[in-house]
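Below: one structure, written as structure tokens.
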Amino acid sequence: MASLGDIVIGLQMDNRQFNQAANSTRGTLASMGTSALGVVGQIGGMLGAGGALASIGWGVKLAADAEQTQIAFEVMLGSVDHAKSLLADLKAYSERSPFDVAGTNQAAQKLLNYGISAEKILPTISMLGDVAAGDMEKFAGLSTAFGQMSATGRLMGGDLNQFINAGFNPLQEIAKETGESMRDLKARMEAGGISAKEVAGAFEAATSEGGRFYGMTERQAGSLAGKWSTFQDSIAGSLRMIGESIVENLDLTNVLDHVTSFVDQIPFLFRNAGSLIEIAVLDWQIYLYEFVPAAEAVMTQVGAGLNATWEGSKAMFDAFVKNLIAGLKEIKNLALATWESIKAGIAAIGSGKN
């Protein structure tokens, strides 16, 4: 068991670390207070308190998501500048298409993961967007199928089914180019003879001028659904910019580091609480060790006094009883003697009379 001195020293050291973290966090939070209140006040004036807080939270999340996307593209492309350039192109594409920024970035990230080069990402996204005809679910499915096909280097049956489910059969375009029948093309596909490059050519033909999907993205962007998507993107972009401003001006990354450091000190608090309890127990033990012998001596004296009192009282009672019995015997004897005298007198009177 730790000694009292060891506990006190450990308690002081833990308190010092805990207080340092707490003071650092308080200083950081205080430094950001004025700016935070200003931003919240401006937004709150437009949206109300609840709407302002929800919008700020959403904006910060969008900023965090954008930062993660930026980092992912930097890692995949191996260059900060290339990542910024590609993300800017994808943003511009989403603004003129019915697809939102997040969905477009996800499709591009998926294609990069499947090994498609950076310079081919935007043309591929444009082709897939035309074929998807404004349908985000089809757009995501086409991206997956195209990426899988590109990774294997040839068209497989599963990829073909995904393309057909999205509304496009690349074999039909290849048949127009080569003059082969659909039966021959399927047989060639099953033999692994239809390359990813050939399928990419079919997509390009279908989305180029004269193709059945040519200009589909622009036409869909002009529809009500397309304009609504653009409006939502605009709102999200504005909130993201607000979130980025809050993150930058309030240095939220640093604040989170300090808060995390503060939270890490919580075990010290509980450890201190345990130490305080242990000290209290030790104090009680010391007190009891000192109190019990003294209390025992007092109780011994009290017991002796009570015993002596009891013995004295008992002796007095015994003497009282004995005296009482002796007195009663004397009274009895006196009464008997008196009675005998009376009897003798009566007898004497009777004898004289006779």
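The values are calculated or read from the model by the stated rules, or taken from the named source; none is laboratory data. The structure presented is a predicted model; accordingly, all values stated were derived computationally and were not measured. Cβ placement follows ideal geometry from the backbone for every residue including glycine, while neighbour counts extend to all protein chains displayed. Accessible surface is based on the protein model in full, side chains and every heavy atom, while ligands, DNA and RNA are left aside. Shrake-Rupley method; radii C 1.70, N 1.55, O 1.52, S 1.80 Å.
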Counting only the heavy atoms of the protein chains, how much of ILE121 is accessible to a 1.4 Å probe, in Å² to the nearest 10? 0
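What order do MET216, MET76 take when sorted by accessible area (1.4 Å probe), most exposed first? Each step should come with its number before you reach the end.
Details: MET216 40, MET76 65 Å².
Correct descending sequence by accessible area is MET76, MET216.
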So for the range 86-229, if I pair up every lysine 8 or more residues apart or on another chain, how many of those pairs have alpha-carbons under 29 Å apart? 22
Stokes-Einstein translational diffusion, the range 67-122 - Kirkwood Rh over all Cα pairs, 1.002 mPa s, 20 °C, in µm²/s: 193
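Where only protein heavy atoms count, and the probe is 1.4 Å, what is the accessible area per residue for the range 68-160 in Å²?
Numbers: 4050 Å² over 93 residues.
Here the residues of the range 68-160 average 44 Å² of exposed surface.
Just to confirm a number: summing +1 for Lys and Arg and -1 for Asp and Glu over residues other than GLY210 whose beta-carbon lies under 14 angstrom from that of GLY210, what do you get? Spell out each step's value before the answer.
On the way: positive: LYS176, ARG212; negative: ASP130, GLU173, GLU177, GLU204, GLU209.
With Lys, Arg at +1 and Asp, Glu at -1, the net is -3.
Quick one: which of 197-207, 99-109, 322-332 comes out on top by average Cβ neighbours within 10 Å, and what's the full order, highest first?
Numbers: 197-207: 19.2, 99-109: 21.7, 322-332: 10.0.
Ranking, from highest mean packing down: 99-109, 197-207, 322-332.
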